[in-house]
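Have a look at the structure below before the remarks.
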Amino acid sequence: MHKAIATVSVSGALEEKLTAIAAAKFDGIEVFDSDLVASPLRPVEVARRCADLGLSIDLFQPLRDVEGVDPQQFPQTLRRVGRKLDVMEQLGATTLLACSNATPSAVGDADLSAEQLGAVGDLAQEHGFTVAFEALAWGTHINRVSHAWDLVRRVDHPSVALAVDTFHLLARGDDATALHGIPGDRIAFLQVADAPVLAMDVLQWSRHHRVFPGQGSFDLAPVVAAVVEAGYRGPLSLEIFSDVVREADPHVTALDAMRSLLHLEEELRHRWDGAAAGPDKPQRPRIELFDPPPAPSEVEPAFVEVATHGPDLDRLLAAMGFHVAGRHRTKPVTWWRNGGANVLLNGAGDLEDRWATAASRPSITGIGLAVDDVPAFAARRSALLWPGLPLRHGPGEAVIAGVDSPTGIHTFVTGRPGQADDWQRDFVAVADPTADGEEEPGAGWVGIDHVGYAVPFRLSEAEISFHRTLFGMLPGAVSEFTDPRGRVRSRVMRPPTGALRIVLNVTEGLATRAGGPAGINQVAFACPDVLRAARAMRAAGVGLLEVPDNYYDDLAARFDLPAARIAELRAEGVMYDRDERGEFLHVYTRRIAGAFYVEVLQRLGGYDGYGAANTPVRLAAQAAQVRDARPA
């Protein structure tokens, strides 16, 4: 499909936007009027620049408040329309987006709106142009796609057709059925935007929180499919308004946007190819769709990698119950294991060895993820325009596919245990010198439960796209917490199947500067008995986070727990949560080297959350540690 993007959807001056959009291999653009007004380039120069870059100008927008206007003011509206049509002539654009009237003074008279929109259509027809009429979700009288279609039918003008915007349609609570019966040749343009579900004014929602497909919570594929199935064959175009986009690098944003459209095409292909046979099965339109190797069917966490020098982390891991399980055959990497939990310590000083970037102090630089088919993942990575890491593989070593997330986290994709590309094959086993016969049941940890990423605000949506497009992970709801230094917004990414959980923590305000570097700042290990683990770590000298006594007083008020249970939790600094499905116990180390902390947790029953009620207390305790600058 012809892929386009509105210039408002990337940051920078107009010429910067065009260069970034072309570099991301888009076919065309929507020229946003305010971008053109602010540009030193004349419209003919913009047209020439787009031609040089291989970009078509598919739409000029927006033309606001052209219907429902006080009749005495309408001549001035037509004068404005005429001037903008002259600009379109210079741009070489042929489609103009007109929005429903959103002013308080808009006249709610359907006949008047039809007459006025028809007059605009007459002017457009003189130039050979088409007016694509769009219902703004906050329009005064016309705010649903059905309202806009009713007006377009009433106008019955060959130069006036409908514009469908997925945000405006879905934000009003409509779905693909709202498009039923609208012929594709009466849809002049399709704009696509996703968004998280937020309870707020729809205008502010649109202006600040639109995101690219796959980054939000809207079910876009059925709406886009309905438009295409109706016969629409025009551009598939992105229109995003976002505070994140305004701060992000335009080249990063444009690539992110292209990946989102490729992923949306993949969803459409799955929808049409996977529909059950029968009289109601939609006929697949004759259009070319993106067809990469599929996302991994199951994704499991395999290990975290820490770049370090010196013995401090060795001692810390030993105190936490880990032991050396193996040493890499050709690289200065040591494998530490505690039951099913794996940590790789990388002491490499060669920056070209991208197993990890060595640091002067410990930092978690990467995560290993196990999938069924590593070569297929590598092919998917390339198809989605994600550059691979230049990993070196010695003779006979497992072929691991590497890719950096937008935040700079090395992601190593490996085969499952026993497969040819299993990372463990590259290590020479080391016997555990502390082992004494059979390990006591319940002594070893289960494995990685989840990993927390500290994500800069400007990269938050790109990080969602990374996990969504490459691994098929789905974003959960946004949770917001107050940090003593600012605000933290968390969102959990999980694959449809597999145990991987990644928590994206976006910090704003002082928390961005004081909360440590971007990247992995938390790794949570599951264990069968967290109280036992906490006692063992404390006895071995591991610095655990100090939880205020007031927390346990409040815990006793919130839950009807025995006094002895409260006392046991208080003694070990273990936090507690419970819901209708089960219980959750977790304990934290103090921040390690100012960079990250470890959480050890236990899930009982069907508890599937993360102890959200405890997060403000944990954040405050961690902030106190930063202020006191106590070493871990």
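The values are calculated or read from the model by the stated rules, or taken from the named source; none is laboratory data. Nothing here was measured: the structure is a model prediction, and the numbers come from that model. Every residue, glycine as well, gets a Cβ built from its backbone with ideal geometry; the counts of neighbours run over all protein chains shown. Side chains included, ligands, DNA and RNA excluded: accessible areas come from the protein's heavy atoms. Shrake-Rupley method; radii C 1.70, N 1.55, O 1.52, S 1.80 Å.
Output yes when any residue across the stretch 372-390 is touching a helix residue (DSSP H, G or I) at 6+ places or on another chain (Cβ under 7 Å), under 23 Å from T334 (Cα atoms) and crowded, with 21+ Cβ neighbours inside 10 Å, and no when none is.
No: the stretch 372-390 contains no residue that is touching a helix residue (DSSP H, G or I) at 6+ places or on another chain (Cβ under 7 Å), under 23 Å from T334 (Cα atoms) and crowded, with 21+ Cβ neighbours inside 10 Å.
Filter the stretch 486-497 down to residues that are assigned to a loop (DSSP other than H, G, I, E, B), open to solvent by 40 Å² or more (accessible area, probe 1.4 Å) and of a type outside the set (V, I, T), then give me how many there are.
Number of matching residues: 1.
Among the candidates V37, V10, V46, single out the residue that is out of contact with any strand residue (DSSP E or B) (no Cβ under 8 Å at 6 or more places or on another chain) and touching a residue at least 40 places away in the same chain (Cβ under 8 Å).
V10
Where the second residue is open to solvent by less than 30 Å² (accessible area, probe 1.4 Å) and part of a loop (DSSP other than H, G, I, E, B) and the first is closer than 25 Å to V252 by Cα and hydroxyl-bearing (S, T, Y) and lies in the stretch 393-411, which pairs have Cβ atoms under 9 Å and are six or more apart or on separate chains?
Note: pairs meeting the criteria are T407/P456; T411/L389; T411/S405.
Could you please let me know if T512 is modelled with pLDDT of 85 or more and either surrounded by fewer than 21 Cβ atoms within 10 Å (Cβ to Cβ) or of a type in the set (V, I, T) (or both)?
no
Being more than 20 Å from E239 (Cβ to Cβ), open to solvent by 20 Å² or more (accessible area, probe 1.4 Å) and outside any helix (DSSP H, G or I) is the filter here, so list the residues in the stretch 19-77 that pass it.
Result: P40, L41, R42, G54, D70, P71, Q72, Q73.
Check A302 against each of (1) among the small types (G, A, S); (2) buried (at least 18 other Cβ atoms within 10 Å of the Cβ); (3) modelled with pLDDT under 95 and name the one condition it does not meet.
Unmet for A302, out of (1) among the small types (G, A, S); (2) buried (at least 18 other Cβ atoms within 10 Å of the Cβ); (3) modelled with pLDDT under 95: (3).
With respect to F377, determine if the residue is at pLDDT 95 or above, touching a strand residue (DSSP E or B) at 6+ places or on another chain (Cβ under 6 Å), within 24 Å of V252 (Cβ to Cβ) and assigned to a strand (DSSP E or B).
No, not satisfied.
Under the condition of being open to solvent by 20 Å² or more (accessible area, probe 1.4 Å) and either among the hydroxyl-bearing types (S, T, Y) or within 32 Å of the chain's Cα centre (by Cα) (or both), which residue from the stretch 340-349 is modelled with the lowest pLDDT?
G347
Considering only the stretch 3-18, state which residues are open to solvent by less than 10 Å² (accessible area, probe 1.4 Å), of a type in the set (G, A, S) and either part of a strand (DSSP E or B) or on the phi > 0 side of the Ramachandran plot (or both).
Residues satisfying the conditions are A4, A6.
Consider the stretch 463-482. How many of its residues are open to solvent by less than 10 Å² (accessible area, probe 1.4 Å) and not β-branched (V, I, T)?
Number of matching residues: 7.
Provide a single number: the residues in the stretch 96-129 that are within 28 Å of C50 (Cα to Cα), in contact with a Leu (Cβ under 7 Å, 6 or more places away or on another chain) and open to solvent by 20 Å² or more (accessible area, probe 1.4 Å).
The total comes to 2.
Out of all the residues in the stretch 421-462, which are open to solvent by 40 Å² or more (accessible area, probe 1.4 Å) and modelled with pLDDT of 90 or more?
Hits for the stretch 421-462 are Q424, R425, V428, A429, V430, V446.
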